[in-house]
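Colleague: Structure below; questions to follow.
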Amino acid sequence: MFRPRWRKLWRDLGQARGRTAMMVLAIAASLLGIGTMLGAYAILTREIRVNYMGTKPPSATLELDRLDDTLLEAVRRQPGIAAAEARAKVLARVQVGPGQWRPLQLFVVQDFNAMQLATFKPVAGAWPPPVGTLLLERTAVEMVKAGMGGRLLVKPPHGPPRALTISGLVQDPALAPAWQERTGYGYITPATMAWLGETGGLDLLKIRVSESPMDVPIDVAAVDATARRLGAWLQAQGRVVERIQVPPPGMHPHQGQMTAVLVMMVAFSFMALGLSVILVATMVGGMLAQQVRQIGVMKAVGARTGQIAALYLVMVLGLSAVATALGVGAGTLGARAFAQAVAELLNFTLTSEAIPAWVYAAQIAAGLVVPALVALGPILRGSRITVREAISDFGVKPESFGGRGLDGLLASLRGLDRTLLMGLRNAFRRRGRLLLTLGLLAAGGGMFMTGLNVKSAWAKRLDEGMAHRHYDVEVDLNGLEPAAPILSALHSVPGVKTVEAWGFAPAALEKPGLVDVVRTYPDGGHGSFTLRAVPENSRLVDFPLLAGRWLRPGDTDAIVLNQGVRGQLPHAAVGDAIALSIDGCDGRPLNGRVVGIVEEIGAASVAYVPAETLDRLTGKPGQARSFRLVFDSRVPATQAQILRGIEEALRASDVNVSVLITDRELRSAVGAHIAILIDALLFMAVLMAVVGALGLASTMSTSVVERTREFGVMQAIGGTPRVVLRNVLSEGIFIGALSWVLAIGVSLPFSSIVGRVVGAMAFRAPLALVLSPLGLLLWLCIVLIGAALASFFPAWRASRLTVQETLAYT
């Protein structure tokens with residue numbers, strides 16, 4: 001047989017089924033968030049490294065003039081070299097529609113069955129690909145608009161278009177997803193490269209240095225030193241070493257961004273836990289307030305304060321245990337689903353969905369210990385009440401309203417319906433409880449608005465970035481070409497309003513006597529550093545100045561950097577002297593002085609110089625490698641027609657194009673990187689909103705219990721059930737509307753913090769603080785509807801009370 005105290009506890013839980021369920025759901029919802037984000041963090045940070053390192057990424061890649069088997073064997077015998085392979089890369093283009101072409105990077109593999117570095121694995125089809133076919137990276141199917149067995153019309157840099165068959169699909173976790181970079185990835189044999197008309201042979205030397213084995217942290221300085229020693233040895237053998245690529249060791253191109261987002265989401269999930277335990281404390285406090293007289297009776301028959309406190313503490317622990325069981329199980333499912341979604345987004349496969357024990361330990365501790373600690377305060381206060389205080393308790397005390405300035409202000413309101421005014425005044429009877437409820441709802445609303453605010457800020461930043469580019473399309477060539485005939489051909493295309501020839505060349509920070517080292521990944525985009533030569537009096541860009549000035553006519557050694565360069569030159573400032581090694585300048589460095597730093601959205605590290613400066617270094621004035629065009633129409637269909645005309649003109653001029661990218665394509669490439677962040681923010685917002693709605697429902701339920709006799713008096717003097725219903729509903733809706741106002745204030749610092757983190761990751765510049773009108777309106781609708789629903793059951797129950805029931809209430 002249970003002792004009377006435990007029978008009482010069981011009976012109390014049965015009588016407060018709704019409130020009990022709300023406590024369990026609140027804790028479970030917050031644990032769902034913690035479990036999802038902590039579990040996903042543990043899975044993803046492990047798996048992205050497993051996948052990336054599973055490709056056996058090279059420590060460095062040396063770009064040579066040529067490479068043969070004899071030299072390759074000699075390289076493998078050099079000190080500090082653990083492995084070496086010869087590769088090549090062809091920057092081609094693939095036709096994706098009538099007159100529509102997209103970049104296609106073709107990676108040339110010498111022996112598909114003997115790869116030791118930069119490996120990838122087959123998904124379907126042939127292995128290795130027969131001559132005249134390619135293996136397509138699986139994320140590129142959407143980009144090239146063809147799958148297994150499809151035929152692609154491919155334009156190589158130095159030959160006519162040829163049709164390549166897709167003979168298989170592969171997965172390469174070392175590359176960012178093709179749809180994010182708006183390019184295609186293919187893999188071919190040297191024989192297929194020759195079949196395409198590319199006669200350069202293998203010219204990329206991929207190495208793994210022995211000082212940095214795969215299973216330990218890699219020392220980038222050691223890699224640089226070994227790669228440079230090898231580069232110097234190769235030069236002594238008569239080879240030309242253009243540059244050395246050393247990407248951040250052991251890191252996927254998007255690993256840093258992913259980790260930062262996950263850490264932020266984990267912090268928000270613990271914030272949700274804080275809200276839920278506050279809700280538990282509020283509910284426990286309300287239950288104790290309702291049972292004041294029962295506590296007095298227990299003390300009158302000999303119960304001690306410690307016994308009463310232990311009774312309610314056991315209740316909280318029991319409910320927390322049930323919530324923890326629900327939350328941990330749901331969090332495990334959520335973590336695996338979220339991790340799978342991110343893995344697909346970043347193009348890697350989960351080799352294991354195992355969640356480490358520390359994640360479960362953190363969830364259990366959060367679910368059992370934290371609610372009990374927070375609830376301990378209300379429990380101790382309620383348990384210490386004396387018999388005299390319990391007997392003299394009448395629920396809502398006469399002096400609890402009317403004695404303060406706010407009460408007087410509310411009492412002086414005129415012109416409002418009396419029922420609504422009573423609901424408004426009652427909301428302020430229990431100020432502490434009101435503040436807690438408002439805090440719960442405001443936090444949920446603030447997070448919801450933050451998600452949409454950041455999305456709007458991202459869109460605004462993209463709009464601003466695109467607005468500073470006053471051109472519609474950029475065309476980059478595979479090499480320098482005479483500018484005059486190309487300008488003439490492009491001007492002749494109907495719909496082309498303006499054309500400018502720009503200089504363009506890969507660049508690196510010059511270190512005298514040493515081979516250039518860049519932090520570029522194999523995709524050629526992440527970590528790249530380029531130089532752009534601006535025509536005199538060009539008006540096609542007007543990037544915002546962060547410091548200094550833009551280029552002026554007559555400048556000779558002036559350099560303007562964009563903010564992306566701070567990744568490689570973190571302390572760059574106006575007035576600094578820098579030296580750049582420029583591709584195609586026969587080893588002549590560019591020695592200049594920084595005159596300005598600009599903010600450029602949608603570009604990696606770029607240095608801008610006058611066109612005359614690059615002409616002087618290359619010794620080829622009148623030639624260009626990049627063209628920027630302005631259309632006379634903004635209509636998409638018309639622009640598509642103009643693009644087809646441009647492609648025809650370039651083909652007729654026998655110009656080898658490497659990239660032709662429109663502002664819309666660039667916007668899509670940049671915008672694709674934020675999707676997972678917005679989804680994660682909204683997920684946390686939903687959890688917080690659930691906790692807030694439960695808090696409001698608890699508040700209204702407790703308020704109805706405390707006002708039971710008041711409702712009896714209202715009915716005794718003529719109040720109808722409809723009046724009681726309106727009174728309670730109006731109180732709940734008012735609290736919801738007030739929380740909406742506070743949520744706007746909460747969203748401002750949240751949006752600012754998240755915007756700074758996201759902006760720094762994506763652009764090395766914070767996002768502006770933007771209030772999304774859609775977010776404001778949506779949350780207002782959600783909170784008002786939610787408040788009405790949360791208040792309806794307590795209001796309906798109050799409206800059904802009879803005068804006899806209210807007078808019998810104790």
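Colleague: What residue, among those in region 139-187 that are acidic (Asp, Glu) and within 22 Å of residue 604 (Cβ to Cβ), is least open to solvent (accessible area, probe 1.4 Å)?
Modeller: Among those that are acidic (Asp, Glu) and within 22 Å of residue 604 (Cβ to Cβ), it is 172.
Colleague: Got a number for residues in region 37-74 being among the β-branched types (Val, Ile, Thr) and surrounded by fewer than 21 Cβ atoms within 10 Å (Cβ to Cβ)?
Modeller: 3
Colleague: In region 459-484, which residues are closer than 19 Å to residue 604 by Cα and among the aliphatic types (A, V, I, L, M)?
Modeller: Within region 459-484, 459, 462, 466, 467, 473, 475, 477 qualify.
Colleague: Taking the stated definitions as given, is residue 446 within 24 Å of the chain's Cα centre (by Cα) and either at pLDDT 80 or above or surrounded by fewer than 19 Cβ atoms within 10 Å (Cβ to Cβ) (or both)?
Modeller: Yes: the conditions hold for residue 446.
Colleague: Condition first: within 18 Å of residue 685 (Cα to Cα), among the β-branched types (Val, Ile, Thr) and surrounded by fewer than 20 Cβ atoms within 10 Å (Cβ to Cβ). Can you find one or more residues in region 758-767 that meet it?
Modeller: no
Colleague: Tell me yes or no: at least one residue of region 103-114 is of a type in the set (Gly, Ala, Ser) and open to solvent by less than 50 Å² (accessible area, probe 1.4 Å).
Modeller: Looking for residues that are of a type in the set (Gly, Ala, Ser) and open to solvent by less than 50 Å² (accessible area, probe 1.4 Å), one finds none in region 103-114, hence no.
Colleague: Now for a different question. Report yes if residue 367 is buried (at least 21 other Cβ atoms within 10 Å of the Cβ) and either touching a residue at least 60 places away in the same chain (Cβ under 8 Å) or hydrophobic (A, V, I, L, M, F, W, C) (or both), otherwise no.
Modeller: yes
Colleague: Being small (Gly, Ala, Ser) and not in a helix (DSSP H, G or I) is true for just one of 74, 28, 88. Which residue is that?
Modeller: Going through 74, 28, 88 in turn, just one is small (Gly, Ala, Ser) and not in a helix (DSSP H, G or I): 88.
Colleague: Can you pull out every residue in region 316-331 that is closer than 18 Å to residue 42 by Cβ and touching a helix residue (DSSP H, G or I) at 6+ places or on another chain (Cβ under 6 Å)?
Modeller: Hits for region 316-331 are 327, 328, 330, 331.
Colleague: Test of understanding: among 343, 362, which residue is closer than 13 Å to residue 32 by Cα, open to solvent by less than 50 Å² (accessible area, probe 1.4 Å), in contact (Cβ under 8 Å) with a residue 12 or more places away in the chain and in a helix (DSSP H, G or I)?
Modeller: After ruling out the rest, the residue left standing is 362.
Colleague: For region 88-102, which positions are under 29 Å from residue 639 (Cα atoms), open to solvent by 20 Å² or more (accessible area, probe 1.4 Å) and of a type in the set (D, E, K, R)?
Modeller: Correct list: 102 only.
Colleague: Return yes or no: is residue 82 open to solvent by less than 10 Å² (accessible area, probe 1.4 Å), closer than 29 Å to residue 223 by Cβ and either polar (S, T, N, Q) or assigned to a strand (DSSP E or B) (or both)?
Modeller: no
Colleague: Quick check: anything in region 304-316 free of Cβ contacts under 8 Å to residues at least 12 places away in the same chain and outside any helix (DSSP H, G or I)?
Modeller: Checked region 304-316: at least one residue is free of Cβ contacts under 8 Å to residues at least 12 places away in the same chain and outside any helix (DSSP H, G or I).
Colleague: Let me ask something additional. Being farther than 15 Å from residue 102 by Cα and touching a Phe, Trp or Tyr at 6+ places or on another chain (Cβ under 8 Å) is the filter here, so list the residues in region 640-662 that pass it.
Modeller: The answer is 642, and nothing else.
Colleague: Considering each of 419, 437 in turn, give the residue that is under 17 Å from residue 737 (Cβ atoms), among the β-branched types (Val, Ile, Thr) and at pLDDT below 60.
Modeller: Of 419, 437, the one residue that is under 17 Å from residue 737 (Cβ atoms), among the β-branched types (Val, Ile, Thr) and at pLDDT below 60 is 419.
The values are calculated or read from the model by the stated rules, or taken from the named source; none is laboratory data. These numbers were taken from a predicted model, which means no experiment stands behind them. All Cβ positions, even for glycine, are placed from backbone atoms using ideal geometry, and neighbour counts span all protein chains on display. The accessibility values were calculated without ligands, DNA or RNA, using every heavy atom of the protein model including side chains. Shrake-Rupley method; radii C 1.70, N 1.55, O 1.52, S 1.80 Å.
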